[in-house]
Amino acid sequence: MIEPARPVITGYTAVNCLGTGLDAILGALRSGASSLRPCDFPGADFETWIGRVEGLEDNPVTGPLAVYDCRNSRLALMALQADDFVDRVSDCIGRRGARRVGLVLGTSTSGIQEGERAFLERDADGKLPDWFDYRHSQDVHATTEFVARLTGIEGPTLTVSTACSSSAKVFADARQLIEHDICDAVLVGGVDSLCLLTLYGFRSLELTSPERCRPNDAHRTGLSIGEGGGFALLERPGGSAQALAVLEGTGESSDAYHMSSPHPEGLGARLSMQAALQSAGVEPEVVDYINLHGTGSKVNDLVESRAVIGLFGRDTPCSSTKGWTGHTLGAAGITEAVISLLALREGFLPGNLGLEEKDPEIESNILVQSRTGAVRHVLSNSFGFGGNNCSLLFGRSSS
Amino acid sequence: MRVWVSGIGVSTAGVPDWETARGLIAGEREFEESEYFYRPPEMLHGAERRRAPASVKLALDVAEQARAMSGIEGAELAAVFGSMTGDGPIFARSLATLAEDPHYLSPTDFHNSVHNATVGYWAIASGSRHGSTSVTAAEESFPAALLKAAMQALSGDVPVLLCVYDVPFPTPLDVQLPLPAPVGGALILHGERPANAFACLDVGLFDGGVAPDEPASRFWKQAFELVPSARMIPLLERLAQRKAGEEDEITVGAVGSIGLAVKISR
């Protein structure tokens with residue numbers, strides 16, 4: 001085994017229903033305003049709430065990369081333009097060289113909305129319309145390829161697709177790319193856009209909530225599906241760019257239990273949190289805040305609480321922020337990594353928006369209200385279908 | 001990055017396993033064209049075995065071949081799965097249902113539609129709680145998965161199951177991605193030399209271009225050209241032919257804009 005790398009984070013941004021860029025997201029976290037809304041996504045004809053990004057319909061991908069145009073690539077583009085992030089990536093390529101910068105993005109459904117539209121337009125023989133281009137939209141790697149071409153990154157480029165843990169696991173991959181001296185910097189992130197497959201899919205599993213999601217609440221009724229995109233730049237320590245935070249540890253595990261239900265005692269969740277602490281070489285006591293996976297489903301929230309208590313006891317403050325963003329699925333990892341990085345930067349612990357009456361069986365220290373305080377280490381959890389778990393530990397930069 | 005191989009699995013039309021592949025590569029057997037048969041995954045039980053999607057049958061078949069050859073318990077392996085297609089039949093069926101009456105979307109199809117369904121079922125069947133991932137890079141999914149698996153074998157403390165697979169799309173999606181046959185391949189990779197090491201691989205970036213070396217045997221040339229997972233075949237050929245003291249180097253494709261090369265030795 002080789003010594004784990006501790007990459008520094010030199011930039012991050014995100015787009016979701018709260019808005020575009022860090023100021024909009026932080027503003028919503030501080031004000032406690034949720035942007036979830038009753039479902040108005042075209043074609044989704046049932047009662048639920050969603051986290052929808054404004055403006056995607058009106059901002060197609062144009063120019064030489066127009067072949068990639070689809071909701072997912074539009075969302076990726078919007079996230080890259082947020083906080084002028086694309087300039088940070090260019091600057092990084094300038095400093096490190098295009099072949100020394102890698103790209104690892106997470107998504108669950110990529111541009112499958114194009115496939116949904118195409119199937120509605122099948123002709124009498126069942127053939128798909130000519131405009132449909134699977135390879136550059138629905139293919140799981142399409143958005144990543146679009147981002148590589150847009151930014152000019154030439155280093156190793158891959159997509160992680162492990163459902164709702166996808167864009168958390170990209171941090172672990174980036175860390176390995178730096179550890180093995182394959183890259184000096186890696187652009188990580190994730191993009192997942194609303195589509196009928198996930199809306200009706202979670203409905204078919206009876207997991208969508210008819211109301212705004214209320215993670216950890218005694219009367220929670222399920223998920224609000226959202227969409228989002230986000231990016232972070234990870235670099236080998238010692239570069240000239242300012243280090244904003246450190247990726248202290250990463251942990252990954254599998255439940256080995258069921259495709260769509262978590263292990264009842266949260267064994268896989270506990271293993272991934274434990275592995276993150278172990279790879280950082282720290283004890284549970286150093287963690288000041290845990291950003292929970294906290295989907296709002298009956299089972300997830302309870303099981304995650306058991307796993308947290310098993311490892312951390314009942315004191316460590318924790319919350320789910322999906323009451324703000326909804327569950328952005330393949331983008332949940334990066335969305336909540338960005339929120340965790342804001343918590344570190346601001347000394348701000350977001351509350352568990354939507355919580356009215358805490359589930360008495362959930363015995364972890366759920367923060368009902370946001371508060372300020374010293375934040376030196378934040379742990380972020382992301383768990384996906386297939387029992388795929390990832391936990392990330394972020395710390396403050398010493399510089 | 002130096003890793004060791006202790007197990008190999010392969011499956012495609014006319015080549016159901018590694019022993020058959022070795023015989024064909026060595027010229028000891030004649031290739032016979034045949035329809036692909038998806039072996040039911042013995043590792044799964046009851047309804048999960050009966051209802052396993054094509055991608056899961058294929059991936060678990062080659063994964064279990066490689067694991068059995070290595071002699072390691074599945075629970076002791078981390079896993080890196082790679083695929084361009086995921087499960088095409090499930091996508092075609094789900095997209096048709098969404099177009100016709102979305103309220104009838106099958107919950108089982110939905111949770112099996114995730115790209116990591118294969119590795120999820122592998123974890124359930126093998127009992128492995130180690131980290132597992134599912135990656136893709138379209139046509140370059142094999143080089144991407146190999147790079148990730150080699151890093152994982154060296155960064156982690158357990159051997160890694162690398163498994164790549166692609167499943168043909170049914171109509172009408174087949175026009176978009178015409179694959180002649182399913183192809184799956186698997187390797188067990190170690191960061192430290194195991195007692196039963198079959199070969200040693202040095203995996204690294206390569207400045208001399210991204211064009212992959214082609215397979216020598218003619219019978220799987222078409223699969224190689226059209227199925228991303230078949231990018232593994234030239235490496236399998238070299239592994240089948242490797243002799244003590246000999247070295248061989250091939251390019252397996254691109255990771256991003258850079259070639260990925262593998263040096264094979266004993």
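The values are calculated or read from the model by the stated rules, or taken from the named source; none is laboratory data. Note that the coordinates shown come from a computational prediction; the quantities given were computed from them, not determined experimentally. Here the Cβ positions follow ideal geometry from the backbone for every residue, glycine too, while neighbour counts run over all protein chains shown.
Hey, could you check the stretch B:110-126 for residues that are assigned to a helix (DSSP H, G or I), among the hydrophobic types (A, V, I, L, M, F, W, C) and facing chain A (nearest Cβ under 7 Å) and say which is surrounded by the most Cβ atoms within 10 Å (Cβ to Cβ)?
The qualifying residue surrounded by the most Cβ atoms within 10 Å (Cβ to Cβ) is B:Val119.
Quick check: is even one residue across the stretch A:258-278 in a strand (DSSP E or B) and either more than 14 Å from chain B (Cβ to nearest Cβ) or surrounded by fewer than 24 Cβ atoms within 10 Å (Cβ to Cβ) (or both)?
No - not one qualifying residue is present in the stretch A:258-278.
Could you tell me which residue of the stretch A:26-84 is farthest from A:Thr208 (Cα to Cα), considering only residues that are within 20 Å of the chain's Cα centre (by Cα) and β-branched (Val, Ile, Thr)?
A:Val53
Cβ-Cβ distance below 9 Å, separation of 6 or more or different chains: which pairs start in the stretch B:11-22 with a residue that is under 17 Å from B:Leu60 (Cα atoms) and end on one that is basic (Lys, Arg) and part of a loop (DSSP other than H, G, I, E, B)?
Every condition considered, the pairs that remain are B:Ser11/B:Arg39; B:Pro16/B:Arg39.
So that you can scan it fast, the table gives a plain yes or no per residue for (1) closer than 16 Å to B:Pro41 by Cβ; (2) not aliphatic (A, V, I, L, M):
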residue: B:Asp87; (1), (2): yes, yes
residue: B:Ala99; (1), (2): no, no
residue: B:Leu105; (1), (2): no, no
residue: B:Thr108; (1), (2): yes, yes
residue: B:Asn112; (1), (2): yes, yes
residue: B:Tyr121; (1), (2): yes, yes
residue: B:Ala125; (1), (2): yes, no
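Being charged (D, E, K, R), under 22 Å from A:Thr295 (Cβ atoms) and not in a strand (DSSP E or B) is true for just one of A:Asp40, A:Asp23, A:Asp45, A:Asp83. Which residue is that?
After applying the criteria, what remains is A:Asp40.
Which one is surrounded by the fewest Cβ atoms within 10 Å (Cβ to Cβ) among residues in the stretch A:19-48 that are more than 14 Å from chain B (Cβ to nearest Cβ), closer than 20 Å to A:Leu329 by Cβ and out of contact with any strand residue (DSSP E or B) (no Cβ under 8 Å at 6 or more places or on another chain)?
So, considering only residues that are more than 14 Å from chain B (Cβ to nearest Cβ), closer than 20 Å to A:Leu329 by Cβ and out of contact with any strand residue (DSSP E or B) (no Cβ under 8 Å at 6 or more places or on another chain), the one surrounded by the fewest Cβ atoms within 10 Å (Cβ to Cβ) is A:Gly19.
Mind checking which pairs have a first residue in the stretch B:93-108 that is more than 7 Å from every other protein chain (Cβ to nearest Cβ) and a second that is surrounded by fewer than 16 Cβ atoms within 10 Å (Cβ to Cβ) and of a type in the set (D, E, K, R), Cβ under 7 Å, 6 or more apart or different chains?
From the stretch B:93-108, the pairs are B:Thr108/B:Arg51.
Here is a check on your reading of the model: is B:Arg193 more than 11 Å from chain A (Cβ to nearest Cβ) and basic (Lys, Arg)?
Against the criterion (more than 11 Å from chain A (Cβ to nearest Cβ) and basic (Lys, Arg)), B:Arg193 qualifies.
Cβ-Cβ distance below 6 Å, separation of 6 or more or different chains: which pairs start in the stretch B:224-236 with a residue that is in contact (Cβ under 8 Å) with a residue 60 or more places away in the chain and on the phi < 0 side of the Ramachandran plot and end on one that is of a type in the set (Asp, Glu) and assigned to a helix (DSSP H, G or I)?
B:Pro228/B:Glu139
With the checklist (1) closer than 19 Å to A:Phe171 by Cβ; (2) touching a strand residue (DSSP E or B) at 6+ places or on another chain (Cβ under 7 Å) in hand, flag the one item A:Gly384 doesn't pass.
Against the list (1) closer than 19 Å to A:Phe171 by Cβ; (2) touching a strand residue (DSSP E or B) at 6+ places or on another chain (Cβ under 7 Å), A:Gly384 comes up short only on (2).
Within the stretch B:162-190, how many residues turn out to be closer than 21 Å to B:Arg242 by Cα and within 13 Å of chain A (Cβ to nearest Cβ)?
Final tally of qualifying residues: 1.
Check off (1) crowded, with 24+ Cβ neighbours inside 10 Å; (2) more than 25 Å from A:Gly238 (Cα to Cα); (3) of a type outside the set (Gly, Ala, Ser); (4) touching a helix residue (DSSP H, G or I) at 6+ places or on another chain (Cβ under 7 Å) for A:Leu187 and give me the number that stays unchecked.
(2)
For A:Ala24, which of the numbered conditions (1) among the hydrophobic types (A, V, I, L, M, F, W, C); (2) without any contact (Cβ under 8 Å) to a residue 40 or more places away in the chain; (3) under 14 Å from A:Leu150 (Cα atoms) fails to hold?
Exception for A:Ala24: condition (3).
Give me the residue from the stretch B:207-266 that is in a helix (DSSP H, G or I) and charged (D, E, K, R) and, out of that set, surrounded by the fewest Cβ atoms within 10 Å (Cβ to Cβ).
Applying the filter and picking the extreme gives B:Arg218.
Restricting to the stretch A:1-20, count the residues that are within 15 Å of A:Ala343 (Cα to Cα) and either assigned to a helix (DSSP H, G or I) or more than 19 Å from the chain's Cα centre (by Cα) (or both).
Of the residues in the stretch A:1-20, 0 are within 15 Å of A:Ala343 (Cα to Cα) and either assigned to a helix (DSSP H, G or I) or more than 19 Å from the chain's Cα centre (by Cα) (or both).
Residues B:Ala79, B:Ala117: which one is touching a strand residue (DSSP E or B) at 6+ places or on another chain (Cβ under 6 Å), among the small types (Gly, Ala, Ser) and within 23 Å of B:Ala137 (Cβ to Cβ)?
B:Ala79
Output the residue which, of all residues in the stretch B:127-151 that are crowded, with 24+ Cβ neighbours inside 10 Å and more than 7 Å from chain A (Cβ to nearest Cβ), is nearest to A:Ile182 (Cα to Cα).
B:Ala150
Looking for whichever is more than 7 Å from every other protein chain (Cβ to nearest Cβ), under 30 Å from A:Cys183 (Cβ atoms), surrounded by fewer than 20 Cβ atoms within 10 Å (Cβ to Cβ) and out of contact with any Phe, Trp or Tyr (no Cβ under 9 Å at 6 or more places or on another chain) here; the options are B:Val203, B:Val158. Which one fits?
B:Val158
For A:Gly323, state whether it is crowded, with 24+ Cβ neighbours inside 10 Å, out of contact with any His (no Cβ under 7 Å at 6 or more places or on another chain) and part of a helix (DSSP H, G or I).
yes
Of (1) assigned to a loop (DSSP other than H, G, I, E, B); (2) in contact (Cβ under 8 Å) with a residue 40 or more places away in the chain, B:Asp157 satisfies all except one. Which?
Exception for B:Asp157: condition (2).
Evaluate the following for A:Asn389: is it modelled with pLDDT of 95 or more, assigned to a strand (DSSP E or B), of a type in the set (S, T, N, Q) and touching a helix residue (DSSP H, G or I) at 6+ places or on another chain (Cβ under 8 Å)?
So A:Asn389 passes the test.
Is it the case that some residue within the stretch B:19-38 is buried (at least 24 other Cβ atoms within 10 Å of the Cβ), away from every other protein chain (no Cβ under 14 Å) and either aliphatic (A, V, I, L, M) or in contact with a helix residue (DSSP H, G or I) (Cβ under 6 Å, 6 or more places away or on another chain) (or both)?
Looking for residues that are buried (at least 24 other Cβ atoms within 10 Å of the Cβ), away from every other protein chain (no Cβ under 14 Å) and either aliphatic (A, V, I, L, M) or in contact with a helix residue (DSSP H, G or I) (Cβ under 6 Å, 6 or more places away or on another chain) (or both), one finds at least one in the stretch B:19-38, hence yes.
Could you list all residues from the stretch A:93-137 that are more than 10 Å from chain B (Cβ to nearest Cβ), surrounded by 16 or more Cβ atoms within 10 Å (Cβ to Cβ) and hydrophobic (A, V, I, L, M, F, W, C)?
Selection gives A:Ile93, A:Leu105.
Give just the number: which of (1) among the aliphatic types (A, V, I, L, M); (2) closer than 30 Å to B:Met151 by Cα; (3) part of a loop (DSSP other than H, G, I, E, B); (4) under 16 Å from the mean Cα position of the chain (by Cα) does A:Leu194 not satisfy?
(2) is the only condition that A:Leu194 fails.
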